[in-house]
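Engineer: Handing you this structure, nothing more for now.
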Amino acid sequence: MVYIIITHLPVQFKWIFIVWAVKMMDYYEIGQRIRKFRKARGLSQEQLAERVGISMTHMSHIETANTKLSLPVFVQLAEALEVQTDLLLYDQPPVCPDAVVRDIAGMLEECDGKQARIVREIVRTTLQAFKAYL
């Protein structure tokens, strides 16, 4: 499931509205990433479960998304696997929406009125294409 988030940012006494999508957590994918790192470390489910203090059954259920893992267990798994939590959550590191908004605002401040209107039309057309084809 994807949620659409809309925010606004003042630029030269105008308000720009920025839209981006946020993907919900996919517990199966998280479980598969945990499995990938566990195997890369040469650990069995039993060994990793023991390090984290959970049952082997619970460890198996986490990897297959038959259960949603708690935040404390998630953090303990990341520590036991010696990986950052972002690497377990995402296939690719997420882009911070606030940084993107600031970056776009900085670019727009360098534009004159005509350029800003052209950028607005490009963004509008791109968003319409997203709605139509994605």
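Engineer: Provide the per-residue ³J(HN,Hα) series for the stretch 100-107, in order, calculated from phi with Karplus coefficients 6.51, -1.76, 1.60 and θ = phi - 60°, each as a whole number of Hz, with x at glycine and proline positions.
Structural biologist: 5, 4, 4, 4, 5, 4, x, 5
Engineer: While we're on this one: Under 17 Å from a point 7 Å along the Cα-to-Cβ line of T85: which residues of the stretch 26-40 have their amide N that close?
Structural biologist: Residues 26-27, 30-31, 33-34 qualify, since their backbone N sits under 17 Å from the label point.
Engineer: Can you work out the FRET efficiency for the pair L134 and K114, with r the C-beta to C-beta distance and R0 = 35 Å, to the nearest 0.05?
Structural biologist: 0.75
Engineer: Shifting gears a bit: If you count, for each residue, the other Cβ atoms within 10 Å and average over each peptide, how do 56-64, 105-113 line up from highest to lowest?
Structural biologist: Per-residue mean Cβ counts within 10 Å order the peptides as 56-64, 105-113.
Engineer: Does the stretch 27-89 classify as rounded, prolate or oblate by the C-alpha gyration tensor (a ≥ b ≥ c root eigenvalues; a/c under 1.5 gives rounded; else a/b over b/c gives prolate, otherwise oblate)?
Structural biologist: Note, shape of the stretch 27-89 comes out rounded.
Engineer: Just how large is the dipole of the stretch 27-89 about the Cα centre, in debye to the nearest 20, putting +1 at every Lys and Arg Cβ and -1 at every Asp and Glu Cβ?
Structural biologist: Computed charge dipole of the stretch 27-89: roughly 160 debye.
Computed from the coordinates by the stated procedures, all read-outs in this text should not be read as laboratory data. Being a predicted model, the structure only gives us computed values, none of them experimental. Positions of Cβ are backbone-derived with ideal geometry, glycine not excepted, and every protein chain shown enters the neighbour counts.
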